[in-house]
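**Q** Below you will find the structure I want to go over with you.
We did not get these values from a lab; they are worked out from the coordinates using the rules stated. In this text the structure is predicted, and so the values were computed from the model without any measurement. Ideal geometry is used to build each Cβ from the backbone, glycine not excepted, and the neighbour counts take in all protein chains shown.
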Amino acid sequence: MSMNRIILLMVLLFVIEGAVMPWIIPAGFGHRIIPHFVFVMVIFSGLYSRRHLALILGVSFGMLQDIVYFGHLLGINAFIMGLMGYFTGVLLERRRSTIMMAISVIGFACLLYDSVIYFVYSVFRITNESYAWALIDHILPSLFLQLAFALACYVPVRKLFEGQNGVKPENDDE
Amino acid sequence: MRNKRMFMLMIGFIVCIAVIGFSLSDRKELSWPEKFLKDSAAYVQQWFYKPAGYIAGFFEDISNLRTIYEENEQLRLTAAAYSREKINYNFVEKENKRLQEELDFTVAQKAMYNYNYLIAQVVSVSNEANNRTLTINLGSKNGIKPNMAVTTIDGLIGLVSSVTPFTAAVTPITELDEASPTFNLIAVTIMGREDESFGILSSYNKETSRLLMTKIAEKDKMAIQDTVITSGLGGVYPRGLVVGTLESKQLGDFGLTYTASVELAASFDHLTEVFVVQVPELEDAE
């Protein structure tokens, strides 16, 4: 029940990212403020649920994003989202993180995610701007959007994932 | 435990590299799971994109109310100019047809510039900074093929990069890059001097948000503020699509040719309807 709800929420966020957010972001900032709501949810699931759930959600929704918006490369989002969700889980799933902790972890995770994607793209020579410019141009502006989103949905999402944890604790060792 | 985790990480990394390698290879067509996922995602996304656009458009309209009077005046002027030119155009076109008949043009030659503009709705925009792929709701069932040009009313915005039965992915022109293996170069010219000017759009500089136009001949008389349009040379991309305005011209790297920077005419935010330009099929005789 709760798992279905999580997946439904993630799919909804995925759709909103691609179809609604371009309209909400003011004209002229379309390429600067870029939503990564699904990624924020993956980090939340690593923080408040099990790390394996975060891994599975990260890999599957990352792959979905890679395929639906296929432009140059396939599979980076899947790899990075899965990896970062998993490691957030490894580091922090046993602690009951406070809101400050959660928001700062999400902030760092978003920075890291955007930077890793930038470096992968520059390794394959798909972009050739400098990292400093990319940081100012889109990584930092989108970080604020992600943090605002994380703050706005903190309470319901934490409840959702912690409820999920309580229902099936025996699946922990799969 | 630690070793197992390390091992899984390595396997994951290898799989990731393998998938990247697979996607970088020169694929003619997408595989069926990709097509299925893209089609179903686009099916859901189109319920969201259009209503969101209407709501956003409503607020934009309200803020535009003030400028509407001036815009109306301008439009009236353009309409007057249009009706004058239409008469002229009809004469020229008839003359042109008569000459084509006399010169025994083949059917293919006559149909060469009969472009078909298919109107398509944007369904979603990618949320990656370096991959701003748009999805449109026409696909191979509607006759869309890779490498077709996509424009808005303002000008060229991109090329179709891959198609599924019901959707197509459009790579925006801002991802144009000489070094990228997936992108072809677009030949352009200057409006009003179509047979004298020549250049090639080779890359987009994201830091200055200008297109770089290279291979301009030394004696080319293109001037700042000229309108850059596609020239259709090469036969892949249609001719006569507005790209932007020329902003500056400077000597190229080796001093033999000039390069110029072009400001794009189209904007990539809040796109609703785009036109896919269908070029008539040329026979493979050549």
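**Q** Against the conditions (1) outside any strand (DSSP E or B); (2) under 28 Å from residue A:128 (Cα atoms); (3) not aliphatic (A, V, I, L, M), where does residue B:249 fall short? Just the number, please.
**A** The one condition residue B:249 does not meet is (1).
**Q** Still on this structure, please answer the following. Find the residue count for segment B:241-276, including only residues that are over 12 Å from the mean Cα position of the chain (by Cα), touching a residue at least 60 places away in the same chain (Cβ under 8 Å) and surrounded by fewer than 20 Cβ atoms within 10 Å (Cβ to Cβ).
**A** Number of matching residues: 3.
**Q** Go through B:4, B:35, B:110, B:97 for me and flag whichever is charged (D, E, K, R), part of a helix (DSSP H, G or I) and either closer than 28 Å to residue A:16 by Cβ or touching a residue at least 40 places away in the same chain (Cβ under 8 Å) (or both).
**A** After applying the criteria, what remains is B:35.
**Q** For residue B:200, work out the one condition from (1) part of a strand (DSSP E or B); (2) under 17 Å from residue B:265 (Cβ atoms) it doesn't fulfil.
**A** (2)
**Q** Now for a different question. Please verify whether segment A:141-157 includes one or more residues that are touching a Gly at 6+ places or on another chain (Cβ under 7 Å) and either hydroxyl-bearing (Ser, Thr, Tyr) or within 14 Å of residue A:40 (Cβ to Cβ) (or both).
**A** Yes, there is a match, as at least one residue in segment A:141-157 is touching a Gly at 6+ places or on another chain (Cβ under 7 Å) and either hydroxyl-bearing (Ser, Thr, Tyr) or within 14 Å of residue A:40 (Cβ to Cβ) (or both).
**Q** Here is a follow-up. Taking into account only those residues within segment A:61-99 that are without any contact (Cβ under 8 Å) to a residue 12 or more places away in the chain and within 12 Å of chain B (Cβ to nearest Cβ), which is nearest to residue B:161 (Cα to Cα)?
**A** My answer is A:71.
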